[in-house]
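Q: One structure follows; several queries about it will come next.
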Amino acid sequence: MRMIKSAVVLGLAAGIGLAGTIAQASDDPIATRQAIMSSVGAAAGLGGGMMKGEIAYSPAAGKAAIATMRAASLSFGDFFPAGSDQGKTGAAAAIWEDPDGFSAELAKFAAATAKASEAAGKDGPADVEALKAAMGPVFGSCKSCHETYRKKN
Amino acid sequence: MKKAVIVLVVLGVVAAAAGWFLSAPTTLNQAQLAAFAPGDAAQGELVFWAGGCTSCHAAKDAEGDDKLKLGGGLRLETPFGVFVAPNISSSTADGIGAWSLEDFANAMTHGTSPDGRNYYPAFPYTSYARMSGADIGNLYAFLNTLPAVEGKAPPHELGFPFNIRRGIGLWKRLFLDPAPVIAAPAAGGDVDTALWERGRYLVEGPGHCGECHTPRNLAGGLELSRWLGGAPAPTGEGRIPDITPVEGGFGSWSAADIAYYLESGFTPEYDSVGGEMVHVQENMAKLPASDREAIAAYLKAIPAVVQTAN
């Protein structure tokens with residue numbers, strides 16, 4: 001009984017600790033979401049470089065690119081609190097004016113990465129063709145969202 | 001005194017008559033019309049994608065075959081007012097199905113409607129005027145194969161003085177010029193002239209890139225000395241980028257980078273295309289690779305436009 005209690009306390013403490021970490025990260029939501037998006041850009045660069053044949057293909061690298069996209073698609077949308085439209089940001093006002101539309105784009109991104117992760121499996125896409133098939137819809141979700149929810153340059 | 005009044009009245013009448021005459025919608029003459037013949041619909045489909053007709057004339061967010069339903073209705077919110085894209089489907093009642101090739105050629109190259117009114121240059125005939133007679137004939141043939149969409153689009157919402165269509169006739173005299181903007185490839189580097197000229201044709205003509213990427217003067221005419229040098233977005237917030245080979249900017253893109261961007265929608269840094277350019281890129285992706293290479297070759301060999309402090 002006592003053990004269970006301790007475990008609960010520990011769990012809570014860990015939970016609070018985690019919450020504390022998240023709170024810290026979202027102190028600057030603009031910097032956080034930009035860091036996530038730059039990881040997306042790096043993953044797209046790796047994936048795209050392999051598709052173009054500029055980087056030698058390896059299944060592990062394909063998997064890393066997809067896993068990065070996956071993690072970003074699940075977290076990115078949490079860093080657009082009210083008021084974070086001000087400052088040095090490329091986020092368009094449409095994000096806050098049409099939150100449902102923005103959520104729909106995030107859902108599209110997450111659905112595409114879910115499928116890609118599944119296709120990648122344990123060892124990553126076997127070859128470039130498999131990577132293209134898995135990554136294509138993920139890439140499509142980039143511009144679908146950027147069309148409306150990112151400021152022009 | 002009486003004499004002076006009479007002189008003033010006469011001068012006023014003369015000025016009004018000159019204004020009326022100069023603002024008259026122009027059309028192609030018989031000799032020019034000989035360059036046009038109804039063409040090949042399959043070729044016309046490529047012209048259709050190069051021209052991006054669907055991006056304004058199809059329903060907003062249209063995908064797949066819906067991009068071929070040109071019922072109009074898209075609203076362009078500009079500083080001059082709201083322009084509403086008309087129905088250009090093959091409907092004879094509401095679209096352009098009843099138009100002759102001559103009607104179509106006059107609209108595309110003179111911005112003049114079949115019933116002799118001026119079109120507003122939100123319809124980029126200032127660029128389309130540089131298209132070849134063959135391409136206009138091919139496009140005419142292709143548009144005739146597309147589905148008829150019933151229903152007219154609502155009228156434009158423009159305030160005075162922009163609601164006076166006749167005035168556009170004067171504007172056209174100032175700003176409608178079918179001559180090429182860039183006469184020859186910029187010096188330096190070896191340029192494949194035929195490829196560059198194909199790129200010039202696509203960019204300055206059907207592609208109508210300059211309509212957004214070039215700044216406009218107060219009268220709404222393009223500042224050709226800053227051709228493709230970037231401009232405030234004509235609709236919505238933000239800026240349209242400078243796509244001249246300027247140092248520290250677009251000049252760092254190789255020709256291959258530009259062609260890849262038009263094909264895939266990714267910049268060299270793997271940022272993705274956004275805004276209205278998404279539609280443009282998706283249209284360009286439907287062209288043969290050689291056309292994207294031609295656009296790239298042209299953009300690499302035009303005068304760089306350096307940004308002044310803003």
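Values quoted throughout were computed directly from the atomic coordinates according to the rules given, and no laboratory measurement underlies them. It should be emphasised that the depicted structure is a prediction, and the values quoted were computed from it without experimental measurement. Positions of Cβ are generated from backbone atoms using ideal geometry, with glycine treated the same way; all protein chains shown enter the neighbour counts.
Q: Run the helix sum for chain B: -39,500 (n - 2.57) per DSSP H stretch of 4+ residues, divided by residue count, reported at 222 nm to the nearest 500 deg cm²/dmol.
A: Working: 13 runs with 122 residues, N = 310.
Result for chain B: -11500 deg cm²/dmol, rounded to the nearest 500.
Q: Next up: Would you list B:57, B:156 from fewest to most Cβ contacts within 10 Å? Intermediate values should be presented prior to the final figure.
A: Working: B:57 25, B:156 19.
Going from sparsest to densest Cβ surroundings: B:156, B:57.
Q: If you don't mind, there's one more thing I want to ask. Partner chain Cβ atoms within 10 Å, averaged over the residues of B:273-283 - can you pull that number for me?
A: Details: counts 4, 14, 9, 2, 5, 7, 2, 0, 1, 1, 0.
Mean partner-chain Cβ count within 10 Å for B:273-283: 4.
Q: How far apart, in nm, are two points set 7 Å out from the Cα along the Cα-to-Cβ line at residue A:93 and at residue A:78?
A: With each label placed 7 Å out from Cα toward Cβ, I get 3.0 nm.
Q: Calculate the spin-label point distance for residue B:59 paired with residue A:114, positioning each point 7 Å from the Cα along the beta-carbon direction, and give it in nanometres.
A: 2.7
Q: Continuing with the same structure: Sorted from largest to smallest, which semi-axis lengths in Å does the alpha carbon gyration tensor of the range B:35-175 give for its equivalent ellipsoid, taking the root of 5 times each eigenvalue?
A: Details: eigenvalues 106, 71, 35 Å².
Semi-axes from the Cα gyration tensor: 23, 19, 13 Å.
Q: Here's a follow-up. Kindly state, as a whole number, the per residue volume in cubic angstrom of the convex hull around the alpha carbon atoms of the range B:193-300.
A: Values: hull volume 11.5 nm³, N = 108.
For the range B:193-300, the hull spanned by Cα atoms encloses 107 Å³ per residue.
Q: Under DSSP H, which helices of chain B have Cα atoms covering 18 Å or more of the helix axis and a Kyte-Doolittle average no less than -1.0? Each step should come with its number before you reach the end.
A: Details: long enough: B:2-22 (30 Å, 2.07); B:133-145 (19 Å, 0.40).
Within chain B the helices that satisfy the rule are B:2-22, B:133-145.
Q: Next up: What whole number of Å gives the distance from the Cα centroid of the range B:203-241 to the Cα centroid of the range A:47-107?
A: Here the answer is 30 Å between Cα centres.
Q: Which whole number gives the average, over all residues in B:258-264, of C-beta atoms from other chains lying within 10 Å of the residue C-beta?
A: 1
Q: Sorting B:149, B:246 on the 10 Å Cβ count, fewest up front, what's the list? Numbers along the way, then the final one.
A: Numbers: B:149 22, B:246 18.
Neighbour counts put them in this order, fewest first: B:246, B:149.
Q: Another one. Gain in length, residue B:306 to residue B:290, computed as 0.36 nm per residue apart minus the alpha-carbon separation, to one decimal in nm? Write out the running numbers ahead of the final one.
A: Numbers: separation 16, 0.36 × 16 = 5.76 nm, distance 2.88 nm.
Working it through step by step, the gained length comes to 2.9 nm.
Q: Can you give the extra length, in nm with one decimal, that the chain gains between residue B:13 and residue B:66 once fully stretched, where that is 0.36 nm per residue apart less the Cα-Cα distance?
A: Values: separation 53, 0.36 × 53 = 19.08 nm, distance 5.17 nm.
Between residue B:13 and residue B:66, full extension yields an extra 13.9 nm.
Q: Something else: Treat the count of other C-beta atoms within 10 Å as a stand-in for reagent exposure and order B:20, B:99 from fewest to most. Don't jump to the answer; show the numbers that get you there.
A: Details: B:20 11, B:99 20.
So the residues, fewest neighbours to most, are B:20, B:99.
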